[in-house]
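S.K.: A single structure is presented below for examination.
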Amino acid sequence: MIQFQYIRASTQKTAIETTAKDATAMFIAGGTNLVDLMKRGITTPQKLVDINNLPLKNIDASTGRIRIGALALNSAVAENKLVLDRQPLLAQALNAGASAQLRNMATVGGNMMQRTRCPYFYDTAMPCNKREPGSGCGALEGFNRMHAIFGFSDKCIAVNPSDMNVALVALDATVHIAGPKGNRTVPFINFHRLPGDLPQKDNNLEKGELITAVEIADNPFNKHVHYLKIRDRASYAFALVSVAAALHLDGNTIKGVRLAMGGVAHKPWRLTEAEKALVGKTVSEGTFRQAAEIAMQGAKGFKYNSFKLKMGPNAIVEALKTAAGIV
Amino acid sequence: MAEKKACSLPGDQASSNESRRDFLKQSSLLTAFAITPGVVVKAAESKWDEGIAASLEKMPLKLEINGVKQSLQVEPRVTLLDLLREQLALTGTKKGCDYGQCGACTVHVDGQRVLSCLTLAVMAEGKKVTTIEGLATGEQLHPMQAAFIKHDGFQCGYCTPGQIMSAVACIKEGHANSEAEIREFMSGNICRCGAYPNIVDAIMEVKQGGQQI
């Protein structure tokens, strides 16, 4: 690994100032993605600002919302009683991600900041516009089995690998950010980016900005939820396709629904049109199938990932059926 | 084939000892500069003394490993895994993939199972680390070690220290209530020999035995 300067930040202010003024400085929290990328020479910060001593670990709830500190560990969030009671979809998604060891290290903010990536991003012998802008995309004509079917560009077809992000986008979370110019909030759906012409930018965070918390407003989606993750092995693998489904039912009538997919785009992919098609309908496999067809409109496969065009809608139907309890 | 040329030295004084000494001095200095990482060059350029110090010098690190307090000096880029194996000769913790994919390097930090290959040692400041060497009590094996032997929970043995550390944590976390749950929560530990059924049996037995672990 390259040498770097290591600084342990004791206040949020110094952490932000130090990182904002130095183009080669990065925050480090759990380090599960960053240290990996540094070992491979893909990410080469010359200064690491360790933020683990900042007081951002709390998970608390007050009227109308649950607030999760950016440094709360993935395992701690997945086992938190408030989360399990109010937002079980988030707990399910977290437990579907990575391994027990990684969830004990990875933080909520770090999970959001893990790179959208593919094997060509990791292979420094291959072109990758995300790793080396302008070098080309190895995946476009390469082995693109894991890649995007929505929202890609000719610059990048990688997918965001986070499971947590899929649940958070479905649950309409809000991201709290502190930065050199002050604080701001961003709707979760606007936090991550599509690749466009700047695939090197995964999200809309500005230099020196720090995620401080994620908030989820209370919602009626605490009962009929399911996170379905389809992957090459039973556990500890990235999703080929995943679906976060949450239903608010009144008897058999769908009063509200939230749907999002993972493993299909450069960012967690919310299925707004399919949601609209479901509201007011009666729970049935046929209804779910119709919504799934709507969800897949605009999807396009590549040479090796066209199976996702079939796996996607099937996964949506299965997730909704399980959430509704009609398996 | 490139034509082989004699190494020519600068100036007419090339053969004099004086010049040769100067040249060697100068060139080794240049070499030293060339292999110096960018951060130091940058720090030097901006006369940023503390920058040089922080990137080149080792940092003090105090932590407790297997009940023994350690006061060490490490470079920031040293992982906990390399610290254990290379500096402290605790080679029970294995380096499998070194990229957080196999679980062979699993240790406990403040009681939580983590991957030592993705943990910078400096980030374990003030923490309590337990490795496979810290599980047994003298000659008395830890119940999980004994169960792995009884159930033949390994073949080549390379993943075993990580499996055992993970298995102990799996029970402590309360994630060993069924075979399916054990398999899910042990999925971060890969065994190329495929000893999984026996590993699950060993964990089930320790869990059901209700021993202090």
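Values in this text are rule-based calculations from the coordinates and carry no lab data. Because the structure is predicted, anything quoted here is derived from the model rather than measured. Neighbour counts run over all protein chains shown; Cβ positions are idealised from the backbone, glycine included.
S.K.: To the nearest Å, what is the center-to-center distance of region A:53-99 and region A:138-191, using C-alpha atoms only?
M.R.: Cα centroid of region A:53-99 versus Cα centroid of region A:138-191: 20 Å apart.
S.K.: Nearest 20 debye, what's the magnitude of the dipole of region B:143-209 about its Cα centre given +1 on Lys and Arg Cβ and -1 on Asp and Glu Cβ? Intermediate values should be presented prior to the final figure.
M.R.: Working: 5 positive and 7 negative charges, 33 e Å.
Around 160 debye, computed over region B:143-209.
S.K.: If you don't mind, another one. Give me a single rounded figure for A:6-18: the average over its residues of other chain Cβ atoms within 10 Å of their Cβ. Don't skip to the end; give the middle numbers.
M.R.: Numbers: counts 10, 2, 4, 0, 0, 0, 0, 0, 0, 0, 0, 0, 0.
Averaged over the peptide's residues, the number is 1.
S.K.: Follow-up question, since we're still on this one. By how many degrees, between 0 and 90 and to the nearest 10, does the Cα long axis of helix A:308-324 differ from the longest principal axis of chain A?
M.R.: 70 degrees
S.K.: Do any of A:Lys81/B:Lys127; A:Lys21/A:Lys229; A:Lys81/B:Lys95; A:Lys39/B:Lys127; B:Lys95/B:Lys150 go past 30 Å between their Cα atoms, and which? Numbers along the way, then the final one.
M.R.: Numbers: A:Lys81/B:Lys127 26 Å; A:Lys21/A:Lys229 40 Å; A:Lys81/B:Lys95 36 Å; A:Lys39/B:Lys127 24 Å; B:Lys95/B:Lys150 25 Å.
Over 30 Å apart, Cα to Cα: A:Lys21/A:Lys229; A:Lys81/B:Lys95.
S.K.: Mind pulling the angle between the C-alpha long axis of helix A:12-21 and the longest principal axis of chain A? Nearest 10 degrees, somewhere in 0 to 90.
M.R.: Roughly 70 degrees between the two axes.
S.K.: When you look at the Cβ of every residue in B:102-110, what mean number of other chain Cβ atoms sits within 10 Å? Mind showing how you got there, number by number?
M.R.: Values: counts 1, 5, 0, 1, 4, 1, 1, 2, 1.
Per-residue shielding by partner chains comes out at 2.
S.K.: Among rounded, prolate and oblate, which fits region A:219-264 when a ≥ b ≥ c are the square roots of the eigenvalues of its C-alpha gyration tensor, a/c under 1.5 means rounded, and a/b larger than b/c means prolate? Walk me through the numbers on the way to the answer.
M.R.: On the way: a/c = 3.43, a/b = 2.72, b/c = 1.26.
Prolate shape, in that a/c is at least 1.5 and a/b is the bigger ratio.
S.K.: Then there is this: For A:Lys310, which aspartates and glutamates qualify as cross-link partners when the Cα separation must be under 13 Å and same-chain residues fewer than eight apart are set aside?
M.R.: Cα-Cα hits under 13 Å: A:Glu293, A:Glu318.
S.K.: Moving on. Would you mind classifying region B:60-131 by shape? Square roots of the alpha carbon gyration tensor eigenvalues, ordered a ≥ b ≥ c; an a/c under 1.5 is rounded, otherwise it is prolate if a/b is larger than b/c and oblate if not. The partial results should precede the final answer.
M.R.: Values: a/c = 1.58, a/b = 1.34, b/c = 1.18.
Because a/c hits 1.5 or more and a/b exceeds b/c, region B:60-131 counts as prolate.
S.K.: Related question: Can you tell me the order of A:13-20, B:175-182, A:318-325 when each peptide is scored by its average per-residue count of other Cβ atoms within 10 angstrom, highest first?
M.R.: Values: A:13-20: 17.9, B:175-182: 15.5, A:318-325: 21.5.
My ranking of the peptides, most packed first, is A:318-325, A:13-20, B:175-182.
S.K.: Just want to confirm a number: the relative contact order over chain A, from Cα pairs under 8 angstrom separated by 6+ residues, in percent. All intermediate terms of the calculation are to be shown ahead of the outcome.
M.R.: On the way: 742 pairs, mean separation 54.7, N = 327.
It rounds to 17 percent for chain A.
S.K.: Do any chymotrypsin sites (Phe, Trp or Tyr not before Pro) in region A:142-171 lie in a DSSP loop with no more than 16 other beta carbon atoms within 10 Å, and if so, which? Let's see the in-between values first.
M.R.: Details: sites: A:Phe143, A:Phe150, A:Phe152; in loops: A:Phe143, A:Phe150, A:Phe152.
Loop-located and lightly packed - A:Phe143.
S.K.: Further question on the same structure: Have a look at A:Ala299, A:Pro313, A:Ile326 and report the one farthest towards the positive end of the charge dipole of region A:248-327, computed about the Cα centre with Cβ charges (Lys/Arg +1, Asp/Glu -1).
M.R.: Sorting the options by dipole projection puts first A:Ala299.
S.K.: Compare the peptides B:119-127, A:21-29 by average per-residue count of other Cβ atoms within 10 angstrom and give them in order, highest first.
M.R.: Values: B:119-127: 20.9, A:21-29: 17.9.
So the peptides B:119-127, A:21-29, ranked by packing, come out B:119-127, A:21-29.
S.K.: I would also like to ask the following. Would you mind pulling out the separation of the Cα centroids of region B:111-127 and region B:83-97, in Å?
M.R.: Cα centroid of region B:111-127 versus Cα centroid of region B:83-97: 13 Å apart.
S.K.: Checking the a/c ratio against 1.5 first, then a/b against b/c, what shape does the Cα gyration tensor give for region A:5-52?
M.R.: Details: a/c = 2.75, a/b = 1.57, b/c = 1.75.
Because a/c hits 1.5 or more and a/b fails to exceed b/c, region A:5-52 counts as oblate.
S.K.: Right, next: So how strong a dipole does chain A carry about its Cα centre when Lys and Arg Cβ are +1 and Asp and Glu Cβ are -1, to the nearest 20 debye? The partial results should precede the final answer.
M.R.: Values: 39 positive and 26 negative charges, 37 e Å.
It comes to approximately 180 debye.
S.K.: Something else about it: Averaging over every viewing direction, what projected area does the convex hull of the Cα atoms of chain A cover, in nm²? All intermediate terms of the calculation are to be shown ahead of the outcome.
M.R.: Numbers: hull surface 64.5 nm².
Average projection, Cα convex hull of chain A: 16.1 nm².
S.K.: What do you get for the angle between helix A:285-295 and the principal long axis of chain A? Use alpha-carbon atoms, 0 to 90 degrees, nearest ten.
M.R.: Once rounded, the angle reads 40 degrees.
S.K.: Using the alpha-carbon centroid of each, what span in Å lies between region A:215-261 and region B:148-165?
M.R.: 37 Å
S.K.: Shielding by partners for A:31-38, please: the mean number of other protein chain Cβ atoms within 10 Å of each residue's Cβ. Walk me through the numbers before you get to the answer.
M.R.: Numbers: counts 7, 5, 2, 2, 10, 8, 1, 3.
Mean shielding by partner chains, rounded to a whole number: 5.
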